[in-house]
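Structure first, then comments.
The values are calculated or read from the model by the stated rules, or taken from the named source; none is laboratory data. Owing to the predicted nature of the structure, the values given are computational and were not obtained by experimental measurement. Note: ideal-geometry Cβ built from the backbone for every residue, glycine included; neighbour counts use all protein chains shown. Please note that ligands, DNA and RNA were not included when accessible areas were found on the heavy atoms of the full protein model with its side chains. Shrake-Rupley method; radii C 1.70, N 1.55, O 1.52, S 1.80 Å.
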Amino acid sequence: MLVVADGDPGNSYIMLSDGTMHGLQVPSGFESGLKLVSGFTVSSSGVVDYTIDFDLRKAITCPPGQAPACILKPAEKLVDNTTVGNIQGAVDSTLIPAGCTPGVYLYSGTVTAPEDMNSTAASSDTNQPQASKVLAANTSTPYYYQFTFLSPGTYTVAFTCQAAQDSPDQADNTVTFNPVKTGIMVTANQTTTANIP
(Lines give C-alpha, C1' and ligand atoms only; values in the text may rest on other atoms or scores of the structure.)
Protein backbone atom coordinates (compact mmCIF):
# COMPACT_ATOMS: atom_id res chain seq x y z
CA MET A 1 0.00 0.00 0.00
CA LEU A 2 1.18 3.53 -0.83
CA VAL A 3 0.12 6.18 1.69
CA VAL A 4 0.13 9.98 1.46
CA ALA A 5 0.35 11.76 4.85
CA ASP A 6 -3.00 13.52 4.42
CA GLY A 7 -3.37 17.27 4.41
CA ASP A 8 -0.23 18.27 6.29
CA PRO A 9 1.94 20.54 4.10
CA GLY A 10 4.92 19.41 6.19
CA ASN A 11 4.51 15.86 4.85
CA SER A 12 2.72 15.83 1.49
CA TYR A 13 2.11 19.03 -0.44
CA ILE A 14 1.76 20.70 -3.80
CA MET A 15 3.15 24.13 -4.66
CA LEU A 16 1.05 26.14 -7.11
CA SER A 17 2.42 28.52 -9.73
CA ASP A 18 1.65 31.49 -7.45
CA GLY A 19 4.03 30.06 -4.83
CA THR A 20 1.36 28.96 -2.34
CA MET A 21 1.82 25.54 -0.71
CA HIS A 22 -1.19 23.33 -0.06
CA GLY A 23 -1.44 20.05 1.83
CA LEU A 24 -2.28 17.02 -0.32
CA GLN A 25 -5.19 14.76 0.66
CA VAL A 26 -6.22 11.39 -0.76
CA PRO A 27 -9.90 10.44 -0.36
CA SER A 28 -9.98 7.31 1.86
CA GLY A 29 -6.20 7.58 1.96
CA PHE A 30 -5.79 6.41 5.55
CA GLU A 31 -7.93 3.30 4.93
CA SER A 32 -6.71 2.15 1.55
CA GLY A 33 -3.82 4.36 0.43
CA LEU A 34 -3.34 5.03 -3.28
CA LYS A 35 -5.02 2.44 -5.48
CA LEU A 36 -3.13 1.06 -8.45
CA VAL A 37 -5.25 0.40 -11.55
CA SER A 38 -3.43 -2.87 -12.27
CA GLY A 39 -1.54 -5.34 -10.12
CA PHE A 40 1.81 -7.02 -10.63
CA THR A 41 3.66 -10.17 -9.65
CA VAL A 42 7.26 -10.55 -8.51
CA SER A 43 8.70 -14.04 -8.79
CA SER A 44 10.85 -15.49 -6.03
CA SER A 45 14.21 -13.63 -6.09
CA GLY A 46 12.96 -11.70 -9.13
CA VAL A 47 13.27 -8.03 -9.97
CA VAL A 48 10.61 -5.77 -11.48
CA ASP A 49 10.79 -2.20 -12.78
CA TYR A 50 7.57 -0.19 -12.44
CA THR A 51 6.62 3.47 -12.31
CA ILE A 52 3.47 4.95 -10.81
CA ASP A 53 2.26 7.37 -13.45
CA PHE A 54 -0.39 10.07 -13.19
CA ASP A 55 -1.21 13.31 -14.97
CA LEU A 56 -1.15 16.17 -12.44
CA ARG A 57 -3.68 18.15 -14.49
CA LYS A 58 -6.20 15.32 -14.14
CA ALA A 59 -5.20 13.72 -10.83
CA ILE A 60 -5.03 16.81 -8.60
CA THR A 61 -7.82 19.27 -7.88
CA CYS A 62 -7.88 22.22 -5.49
CA PRO A 63 -11.63 22.85 -5.02
CA PRO A 64 -12.74 26.22 -3.65
CA GLY A 65 -13.61 25.98 0.03
CA GLN A 66 -11.24 23.03 0.60
CA ALA A 67 -8.22 25.25 1.27
CA PRO A 68 -5.59 24.81 2.36
CA ALA A 69 -5.73 21.24 1.00
CA CYS A 70 -5.75 19.88 -2.54
CA ILE A 71 -7.03 16.42 -3.46
CA LEU A 72 -5.06 13.66 -5.22
CA LYS A 73 -7.47 11.22 -6.87
CA PRO A 74 -6.57 7.82 -5.45
CA ALA A 75 -6.45 5.62 -8.59
CA GLU A 76 -3.08 5.79 -10.39
CA LYS A 77 -1.65 3.91 -13.38
CA LEU A 78 1.08 1.34 -12.80
CA VAL A 79 3.51 1.17 -15.74
CA ASP A 80 5.86 -1.75 -16.45
CA ASN A 81 8.97 0.12 -17.59
CA THR A 82 10.03 -2.77 -19.87
CA THR A 83 6.90 -2.33 -22.03
CA VAL A 84 6.98 1.43 -22.66
CA GLY A 85 9.05 3.91 -24.65
CA ASN A 86 9.71 7.65 -24.79
CA ILE A 87 9.64 10.56 -27.22
CA GLN A 88 12.12 13.40 -26.93
CA GLY A 89 13.26 16.24 -29.10
CA ALA A 90 14.46 19.79 -29.50
CA VAL A 91 12.40 22.71 -30.79
CA ASP A 92 14.13 24.98 -33.28
CA SER A 93 14.69 28.36 -31.63
CA THR A 94 13.48 30.14 -34.79
CA LEU A 95 9.94 29.01 -33.85
CA ILE A 96 10.15 30.92 -30.57
CA PRO A 97 9.90 34.71 -31.01
CA ALA A 98 9.80 37.22 -28.17
CA GLY A 99 6.61 36.88 -26.13
CA CYS A 100 6.19 33.20 -27.02
CA THR A 101 5.35 30.71 -24.24
CA PRO A 102 6.49 27.54 -26.05
CA GLY A 103 4.72 24.25 -25.48
CA VAL A 104 4.63 20.81 -27.05
CA TYR A 105 1.49 18.67 -26.91
CA LEU A 106 1.35 14.88 -27.32
CA TYR A 107 -1.48 13.06 -29.11
CA SER A 108 -2.14 9.37 -29.59
CA GLY A 109 -2.26 8.26 -33.23
CA THR A 110 -2.24 10.58 -36.23
CA VAL A 111 -3.86 13.92 -35.38
CA THR A 112 -4.01 16.64 -38.05
CA ALA A 113 -6.34 19.04 -36.18
CA PRO A 114 -4.90 19.13 -32.64
CA GLU A 115 -6.84 20.80 -29.83
CA ASP A 116 -5.82 22.27 -26.51
CA MET A 117 -6.51 20.37 -23.28
CA ASN A 118 -10.21 20.51 -22.38
CA SER A 119 -11.46 18.53 -19.37
CA THR A 120 -15.06 18.80 -20.62
CA ALA A 121 -14.31 17.24 -24.02
CA ALA A 122 -16.05 13.98 -24.90
CA SER A 123 -13.95 10.87 -24.28
CA SER A 124 -14.36 10.06 -27.99
CA ASP A 125 -12.56 13.30 -28.99
CA THR A 126 -9.34 11.95 -30.50
CA ASN A 127 -7.95 15.47 -31.01
CA GLN A 128 -7.44 15.91 -27.25
CA PRO A 129 -3.84 15.70 -26.05
CA GLN A 130 -2.53 12.98 -23.77
CA ALA A 131 -0.03 15.38 -22.21
CA SER A 132 1.64 18.74 -22.69
CA LYS A 133 4.95 20.35 -21.72
CA VAL A 134 5.74 24.04 -21.33
CA LEU A 135 9.31 24.40 -22.54
CA ALA A 136 12.19 26.17 -20.85
CA ALA A 137 15.58 26.90 -22.36
CA ASN A 138 18.57 25.09 -20.89
CA THR A 139 22.29 25.09 -21.58
CA SER A 140 22.61 21.89 -23.61
CA THR A 141 19.70 22.23 -26.07
CA PRO A 142 17.92 25.57 -26.52
CA TYR A 143 14.39 24.12 -26.07
CA TYR A 144 13.93 20.46 -25.22
CA TYR A 145 10.89 18.28 -24.49
CA GLN A 146 10.33 14.69 -23.41
CA PHE A 147 7.27 12.45 -22.97
CA THR A 148 7.86 9.23 -21.04
CA PHE A 149 6.11 5.95 -20.20
CA LEU A 150 4.29 5.72 -23.54
CA SER A 151 2.69 2.53 -24.83
CA PRO A 152 4.14 1.35 -28.15
CA GLY A 153 2.35 2.87 -31.12
CA THR A 154 2.07 5.96 -33.31
CA TYR A 155 1.97 9.47 -31.86
CA THR A 156 1.71 13.10 -32.95
CA VAL A 157 3.41 16.12 -31.36
CA ALA A 158 2.27 19.69 -31.95
CA PHE A 159 4.00 22.97 -31.11
CA THR A 160 2.38 26.20 -29.87
CA CYS A 161 3.54 29.59 -28.66
CA GLN A 162 0.38 29.92 -26.57
CA ALA A 163 1.01 27.33 -23.85
CA ALA A 164 0.32 29.88 -21.10
CA GLN A 165 -3.25 30.33 -22.37
CA ASP A 166 -4.18 26.66 -22.04
CA SER A 167 -6.52 25.68 -19.21
CA PRO A 168 -7.74 22.08 -18.74
CA ASP A 169 -11.09 23.31 -17.37
CA GLN A 170 -12.29 25.00 -20.56
CA ALA A 171 -11.91 24.87 -24.30
CA ASP A 172 -9.52 27.53 -25.52
CA ASN A 173 -10.03 27.98 -29.22
CA THR A 174 -7.33 30.66 -29.43
CA VAL A 175 -4.49 28.15 -29.09
CA THR A 176 -2.87 27.59 -32.49
CA PHE A 177 -0.56 24.66 -33.25
CA ASN A 178 2.18 24.91 -35.89
CA PRO A 179 4.06 22.80 -36.82
CA VAL A 180 2.35 19.45 -36.24
CA LYS A 181 4.53 16.35 -36.57
CA THR A 182 2.74 13.02 -37.19
CA GLY A 183 3.85 9.41 -37.59
CA ILE A 184 6.17 9.24 -34.57
CA MET A 185 6.69 5.56 -33.71
CA VAL A 186 7.27 4.52 -30.10
CA THR A 187 8.83 1.13 -29.37
CA ALA A 188 9.20 -0.53 -25.96
CA ASN A 189 12.50 0.15 -24.18
CA GLN A 190 13.52 2.81 -26.70
CA THR A 191 13.54 6.60 -26.95
CA THR A 192 12.42 8.09 -30.26
CA THR A 193 13.81 11.49 -31.23
CA ALA A 194 11.34 13.85 -32.93
CA ASN A 195 12.82 17.30 -33.39
CA ILE A 196 10.50 20.20 -34.27
CA PRO A 197 10.38 21.18 -37.09
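Show the residue pairs meeting these rules: Cβ distance below 6 Å; 6+ apart or different chains; first residue within segment 179-197 and under 17 Å from Pro129 (Cα atoms) and among the β-branched types (Val, Ile, Thr); second residue open to solvent by 70 Å² or more (accessible area, probe 1.4 Å) and in a loop (DSSP other than H, G, I, E, B).
Thr182/Thr110; Val186/Pro152
What is the number of the single condition among (1) of a type outside the set (Lys, Arg); (2) modelled with pLDDT of 75 or more; (3) touching a Ser or Thr at 6+ places or on another chain (Cβ under 9 Å); (4) over 30 Å from Pro179 (Cα atoms) that Gly85 does not meet?
Condition (4) is where Gly85 drops out.
Check Ala136, Ala158, Ala163, Ala122 and return the single one that is modelled with pLDDT under 90, surrounded by 19 or more Cβ atoms within 10 Å (Cβ to Cβ) and among the small types (Gly, Ala, Ser).
Ala163
Looking only at segment 76-90, count every residue that is open to solvent by 30 Å² or more (accessible area, probe 1.4 Å) and not polar (S, T, N, Q) and tell me the total.
2
Under the condition of being among the small types (Gly, Ala, Ser) and at pLDDT below 90, which residue from segment 91-112 is most open to solvent (accessible area, probe 1.4 Å)?
Filtering segment 91-112 for residues that are among the small types (Gly, Ala, Ser) and at pLDDT below 90, the one most open to solvent (accessible area, probe 1.4 Å) comes out as Ala98.
Return a yes/no flag: does segment 109-118 have any residue that is in contact (Cβ under 8 Å) with a residue 12 or more places away in the chain, at positive phi and in a loop (DSSP other than H, G, I, E, B).
Checked segment 109-118: at least one residue is in contact (Cβ under 8 Å) with a residue 12 or more places away in the chain, at positive phi and in a loop (DSSP other than H, G, I, E, B).
Those residues that are at pLDDT 95 or above and open to solvent by less than 40 Å² (accessible area, probe 1.4 Å), I need them from segment 140-155; list them, please.
Selection gives Gly153, Tyr155.
If only one of Gly7, Gly46, Gly39, Gly19 is surrounded by fewer than 12 Cβ atoms within 10 Å (Cβ to Cβ), assigned to a loop (DSSP other than H, G, I, E, B) and at pLDDT below 75, which one is it?
Gly39
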